[in-house]
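Notes to accompany the following structure.
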Amino acid sequence: SLLCHIQNIILFIIFPYLIIKFDVEYVVLLFLALIGFTIVIKNAPVATKKQPIPKRLIRRKKILSIILYSFILAVSLLTTEPINKLILFGEIIESVTLLSIFSPKEDL
């Protein structure tokens, strides 16, 4: 659990600070967020052993995931720096967690 706390500190405190401090270009983050959008289209929603998704809800949740990701992406286009960069960083983290490498074998 200590590793989890360290990971959270890195992801949610240090990385956002570095994005602002080193002035990562918005276009770079937007490109990564668009790659994340393809991940969401391909992989969302992800079921786990503890939270299975009923077959009847999978299509609805997939469509909702795509719509919400698109909406948040559009919001990032309308906001000012550094808020827009942090929004895109959140989108990138969200999409990366959908990858199968983050799902333990027993959860599948």
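The values are calculated or read from the model by the stated rules, or taken from the named source; none is laboratory data. All figures in this text were calculated on a predicted structure; none of them were measured in a lab. Every residue, glycine as well, gets a Cβ built from its backbone with ideal geometry; the counts of neighbours run over all protein chains shown.
Of note:
- Taking the criterion of being in contact with a Phe, Trp or Tyr (Cβ under 8 Å, 6 or more places away or on another chain) and either in contact (Cβ under 8 Å) with a residue 60 or more places away in the chain or not polar (S, T, N, Q) (or both), the residues of the stretch 71-85 that qualify are LEU73, GLU81, LYS85.
- Hits in the stretch 41-97 - residues which are more than 14 Å from LEU29 (Cα to Cα), in contact with a Leu (Cβ under 7 Å, 6 or more places away or on another chain) and of a type in the set (Val, Ile, Thr): VAL46
- Which listed residue, of THR48, THR38, THR80, is within 22 Å of ILE101 (Cβ to Cβ) and not in a helix (DSSP H, G or I): THR48
- Matching entry among LEU11, LEU30 (being in contact (Cβ under 8 Å) with a residue 40 or more places away in the chain, among the hydrophobic types (A, V, I, L, M, F, W, C), more than 20 Å from ILE101 (Cβ to Cβ) and in contact with a helix residue (DSSP H, G or I) (Cβ under 8 Å, 6 or more places away or on another chain)): LEU30
- Sole exception among (1) farther than 28 Å from GLU81 by Cα; (2) at pLDDT below 90; (3) assigned to a helix (DSSP H, G or I) for GLN7, by number: (1)
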